Amino acid sequence: MSSDTGRPAPSVHFGQVVIGPPGSGKTTYCRGMQEFLSHLGRKVVVVNMDPANEGLPYSCALDVSELVTLDDVMEGLKLGPNGGLLYCMEYLEANLDWLESKLKQHHGSYFLFDCPGQVELYTHQNSVKNIFSQLAKWNFRLSAVHLVDSHYCADPAKFISVLCTSLSTMLHVALPHVNVLSKMDLIEQYGKLAFNLDFYTDVVQDYGLVSFVPLNVQDKQSMIQVLRAVDKANGYCFGDLEERNLQAMMSAAVGADFQFDSTLRVQERYVATSGKTVQEEMMDL
């Protein structure tokens, strides 16, 4: 597809920026989603945006530690871990040309950005927000996947704090946003919930402010549910500017299940033990 000037239109890159507090399961999610999407036939690139991440469990195509590491900053500038991490992200913001050159090496891929866990980066500090804004200018269509540990549901005070943090993050990051309650397979270890799960997932539904998608990264049905929400949020299910699927667009608009357009060349061949493909199971949900 060409632009009005006759030049080829810039290609669109889809992906997720995975954010959330420390210990919420961001790296585990990236590993699980990388494997899941690979089975669906998508060419997945994981970008480690956390300069403090060591011993990554997934195949990392691009690592910010090649540019700056938290240990070097703490030692060289005599900063603590929090101040050092803020400096690292400001340094990355000042060297976006390095990031752009690295990303260009993975044309046509689906991107997972594994981001740092410091909450301040997503509530009032601007470096990460500015990096995301620049990615949008480079034609990245991203969804923010905000992970929250599900054990906070067992404590009313902590859960209200999580709601406030999630809402603040949504407003500050300014990306299509999907809030996820992670580690749902471990929630029973923290005691019986005071209410049914839908009370926690559809929290402020009357105003469309904060809601959550439950996630057990080891469960395929749970991963499908999260992926559906993310693909609607970043527009992946609609195709690119040249190949829009009217059925998918209408299904998403009315909240119904959607199916991927075969013209997108997404070969969803992952076969479940039931004999159904992931695409067929997505249709059954």
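Observations on the structure shown:
- Across region 146-162, the number of residues qualifying as touching a strand residue (DSSP E or B) at 6+ places or on another chain (Cβ under 9 Å), among the aliphatic types (A, V, I, L, M) and assigned to a helix (DSSP H, G or I) comes to 1.
- Answer residue from region 171-183, given it is surrounded by fewer than 20 Cβ atoms within 10 Å (Cβ to Cβ) and assigned to a helix (DSSP H, G or I) and is modelled with the highest pLDDT among those: His172
- Selection status of Gly32, within 25 Å of Cys237 (Cα to Cα), under 16 Å from the mean Cα position of the chain (by Cα), at pLDDT below 95 and buried (at least 18 other Cβ atoms within 10 Å of the Cβ): yes
- Taken together, the residues in region 49-66 that are assigned to a helix (DSSP H, G or I) and surrounded by fewer than 13 Cβ atoms within 10 Å (Cβ to Cβ) amount to 1.
- All helices (runs of 4 or more DSSP H) inside region 67-140 with 2 or more residues being touching a helix residue (DSSP H, G or I) at 6+ places or on another chain (Cβ under 8 Å) and closer than 24 Å to Phe14 by Cα: 81-94, 96-103, 120-123, 127-137
- The number of residues in region 28-43 being in contact with a Lys or Arg (Cβ under 8 Å, 6 or more places away or on another chain) and either without any contact (Cβ under 8 Å) to a residue 24 or more places away in the chain or closer than 13 Å to Leu215 by Cα (or both) comes to 0.
- Scope region 136-155; condition touching a residue at least 60 places away in the same chain (Cβ under 8 Å) and not β-branched (Val, Ile, Thr); matching residues: Trp138, Asn139, Phe140, Arg141, Leu142, Ser143, Ala144, His146, Leu147, Asp149, Ser150
- Identity of the residue in region 76-132, closer than 20 Å to Glu54 by Cβ and among the small types (Gly, Ala, Ser), that ends up surrounded by the fewest Cβ atoms within 10 Å (Cβ to Cβ): Gly80
- In region 133-167, residue modelled with the highest pLDDT [restricted to those that are among the aliphatic types (A, V, I, L, M), surrounded by fewer than 18 Cβ atoms within 10 Å (Cβ to Cβ) and touching a Leu at 6+ places or on another chain (Cβ under 8 Å)]: Ala136
- Among the criteria (1) more than 30 Å from Ser222 (Cα to Cα); (2) in contact with a Ser or Thr (Cβ under 8 Å, 6 or more places away or on another chain), the one Ser65 does not fulfil is (2).
The values are calculated or read from the model by the stated rules, or taken from the named source; none is laboratory data. Small disclaimer: the values here were computed from a predicted structure and weren't measured. All Cβ positions, glycine included, derive from the backbone under ideal geometry; neighbour counts span all protein chains shown.
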